[in-house]
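Please read the structure below before turning to the comments.
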Amino acid sequence: MIEIENLELYYGSFQALRHVNLSVPERSVTAFIGPSGCGKSTLLRTLNRMNDAIAGVRIEGKVEIQGRNIYAQDMQIEELRKRVGMVFQQPNPFPKSIYDNVAYGPRLHGKTKKADLDALVEKSLRSASLWNEVKDVLKKSAMSLSGGQQQRLCIARALAVEPDVLLMDESTSALDPISTTKIEELTRELCKDYTIVMVTHNMHQAARISDRTVFFLNGEVVEAADTQALFSSPKDQRTEDYISGRFG
């Protein structure tokens, strides 16, 4: 689904990513782990070009999604972000109704028929395991939901535009353990239909729910492997030191 070749990223004179070469398989969960400031969130943001808004950013190399270079001059940002959805660390619902939060993206992309929107809102909320909790209060403000419900609503909002890839940037770090478990279970269910790339500081979470894990250090990919292999028999001493808690 995603191919990254010789990626270099600079913030002004500071090099944040170095020589990144990485493949992300389709319909799987890939976890990025590593200490703070190692480049994992920076790389995640390159996958839907969120770094473009930062002054002084310079990117070299190639990022392809489904064979198309997303940094090509003819790539439309709106099209890219329809294909590559994102869920952030803090739940960020719009100050609108639950229904309007989910319908926002489809409306933006030209869906206006109420019957179509109704069906898409229900489908997205079901996919986010939220429908049964909110189906009778769809006109209620999204701000009235709990933190865990708000995060699942943000997932439903991302799914409503029918993306191919879902990016999750520490999307459970602000949640309680029960809500975290629900999001983790949901992530495992969603990877049957979507390619998911997640950043997490929680190595136990990466071990629980990801198919592949990528360990970053100082802007470089140190090791990328099937999750079970990386945690049970890492090939690089730096990976072993990190997952065993010797630094980080």
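Based on every Cα atom in the chain, Rg and the maximum pairwise Cα distance Dmax equal 18.3, 57 Å. Under 16 Å of direct C-alpha separation, and excluding same-chain neighbours fewer than eight residues apart, LYS114 reaches these aspartates and glutamates: ASP100, GLU122. Taking the number of Cβ atoms within 10 Å of each Cβ as an exposure proxy, the fewest-first ranking of LYS96, LYS40 is LYS96, LYS40. Remark: the chain carries a charge dipole of roughly 740 debye about the Cα centre, counting +1 on each Lys and Arg Cβ and -1 on each Asp and Glu Cβ. Axis of helix 98-108 versus longest Cα principal axis of the chain: the two differ by about 70°, to the nearest ten degrees. Can you figure out the FRET efficiency of ASN218 with ALA53, using R₀ = 41 Å and their beta-carbon distance, to the nearest 0.05? So the FRET efficiency works out to roughly 0.95.
Shape summary: the range 167-248 maps onto an equivalent ellipsoid whose semi-axes, from the alpha-carbon gyration tensor, are 23, 14, 11 Å in decreasing order. Between 0 and 90 degrees, the angle of helix 114-127 with respect to the longest Cα principal axis of the chain falls at about 50 degrees. Relative to the longest principal axis of the Cα atoms of the chain, the long axis of helix 177-190 lies at roughly 90 degrees. Karplus-derived 3J(HN,Hα) values for the range 222-228, using 6.51 cos²θ - 1.76 cosθ + 1.60 with θ = phi - 60°, are 7, 7, 9, 7, 4, 4, 4 Hz; glycine and proline are entered as x. Taking the number of Cβ atoms within 10 Å of each Cβ as an exposure proxy, the fewest-first ranking of VAL222, VAL87, VAL137 is VAL137, VAL222, VAL87.
Extending 7 Å from Cα along the Cβ direction at ARG18 and again at SER233 yields two label points whose distance is 2.9 nm. Rg and Dmax of the range 1-129, based on Cα coordinates, read 17.1, 52 Å. Each label point was placed 7 Å from the Cα along the Cα-to-Cβ direction; for LYS192 and TYR10 their separation is 4.7 nm.
In terms of other Cβ atoms within 10 Å, PHE231, PHE94, PHE14 run from fewest to most in the order PHE14, PHE94, PHE231. Counting 0.36 nm for each residue step from PHE247 to LEU108 and taking away their Cα separation leaves a gain of 45.5 nm.
No value in this document is a laboratory result; all are computed from the given coordinates. Note that the structure is a prediction, hence the values are computed from the model and not measured. We place every Cβ from the backbone using ideal geometry, glycine too, and count neighbours over all the protein chains shown.
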